[in-house]
Amino acid sequence: YVVLQDGGYPEGFRKVLDRKPYSNVFYIDDPFVVEDDYQFSKFALSAQHKESFINSNIILRHRDDLRFRLKNMQELNVWEKVQAMAKFKQISNRMNAVLPGTFVSENKTKFYKGTDGAKLDISNLATGAKMFSILKMLIMSGDLSERSLLILDEPECHLHPDWQNKFAEMVVLLVKEIGCHVLLTTHSQNFLLALDAMTRQYDIKNRTNFYQAIKSDNSFVNYVDVSQDLKPIYADFVKGFSEMKNLYDNIVGM
């Protein structure tokens, strides 16, 4: 687990049952949610604006909440976009280097519109590009702020190592420029290294915590803070590679 955060709870908020520190929580574990054409019922639409600790049935699940937002979000107007691009210049430049176009909806279908004006059904985008698309849509809609929590479950799964590096940089810039909080998990030593390097590059290392999941004797899992020394995580990640490398060397050497 990696936690990147901008300070503690927003001013005026406390850890109490009826007052939460985050105004938005986005849980992303599946890039294909961006192309989902799920039709929401009237009940779901009303539930979008209600929360209750007594009746959890009126709260949308995280996946449904993200689907709803991606399906119905409104892009910033021209003036708001200019302001956002100026304020978040670095992340905008990095994002546009990967996905330089915009997103438009026509007849309930979402398209990626390139800089040349050509449109591509978003379902036809590469899976890795869909991950970037979700982030770009949330940024373009203004839904990410210092009171947002972004939860990313193994976001590197569909990304080439080079794109893992770019994605890690964008995640770090979300914290640096927008101030949102990020909780993520990863099984990739490359992505972990990219995050570690980028938090140092953009000077948010002191706001980043790294945790290693360790199975205990009673089959429970403990999360150990290894922020000061990531060697145990790298050692754990490299086991699989080392086993196959030894097997390969033994076979080839026969």
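The values are calculated or read from the model by the stated rules, or taken from the named source; none is laboratory data. Since the structure is predicted, the reported quantities are computational estimates derived from the model, not experimental observations. When we count neighbours, we look across all protein chains shown, and the Cβ atoms used for this are built from the backbone with ideal geometry, even at glycine. Quick note on the areas: whole protein, heavy atoms, side chains included, nothing else; ligands and nucleic acids left out. Shrake-Rupley method; radii C 1.70, N 1.55, O 1.52, S 1.80 Å.
Computed quantities for the displayed model
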quantity: Residue in region 143-155 that is under 19 Å from Asn96 (Cα atoms) and modelled with pLDDT under 90 present; calculated: yes
quantity: Qualifying residue in region 226-233 (condition: open to solvent by 60 Å² or more (accessible area, probe 1.4 Å) and in contact (Cβ under 8 Å) with a residue 60 or more places away in the chain); calculated: no
quantity: Test: residue in region 199-208 that is on the phi < 0 side of the Ramachandran plot, part of a helix (DSSP H, G or I) and hydroxyl-bearing (Ser, Thr, Tyr); calculated: yes
quantity: Options Ile139, Ile151, Ile204, Ile178: the member that is touching a Lys or Arg at 6+ places or on another chain (Cβ under 6 Å) and open to solvent by less than 40 Å² (accessible area, probe 1.4 Å); calculated: Ile204
quantity: In region 183-209, the residues that are of a type outside the set (Lys, Arg) and touching a helix residue (DSSP H, G or I) at 6+ places or on another chain (Cβ under 6 Å); calculated: Thr186, Gln189, Asn190, Phe191, Ala194, Leu195, Met198, Thr199, Tyr202, Ile204, Thr208
quantity: Residue list for region 168-194, filter: within 13 Å of Ile233 (Cα to Cα) and either of a type in the set (D, E, K, R) or in contact with a strand residue (DSSP E or B) (Cβ under 8 Å, 6 or more places away or on another chain) (or both); calculated: Thr185, Thr186, Leu192
quantity: Some residue of region 42-62 being open to solvent by less than 70 Å² (accessible area, probe 1.4 Å), in a loop (DSSP other than H, G, I, E, B) and modelled with pLDDT of 60 or more; calculated: yes
quantity: Per-region count, region 221-235, residues in contact with a strand residue (DSSP E or B) (Cβ under 7 Å, 6 or more places away or on another chain) and part of a loop (DSSP other than H, G, I, E, B); calculated: 3
quantity: Restricting region 88-120 to residues that are in contact (Cβ under 8 Å) with a residue 40 or more places away in the chain and part of a strand (DSSP E or B), the residue that is surrounded by the fewest Cβ atoms within 10 Å (Cβ to Cβ); calculated: Thr109
quantity: Members of region 188-223 found to be of a type outside the set (S, T, N, Q) and modelled with pLDDT under 90, listed by number; calculated: Ala213, Ile214, Lys215, Asp217, Phe220, Val221, Tyr223
quantity: Cβ pairs under 7 Å, 6+ apart, first in region 161-187 and among the aromatic types (Phe, Trp, Tyr), second surrounded by 22 or more Cβ atoms within 10 Å (Cβ to Cβ) and not in a helix (DSSP H, G or I); calculated: Phe167/Pro155; Phe167/Glu156; Phe167/Leu159
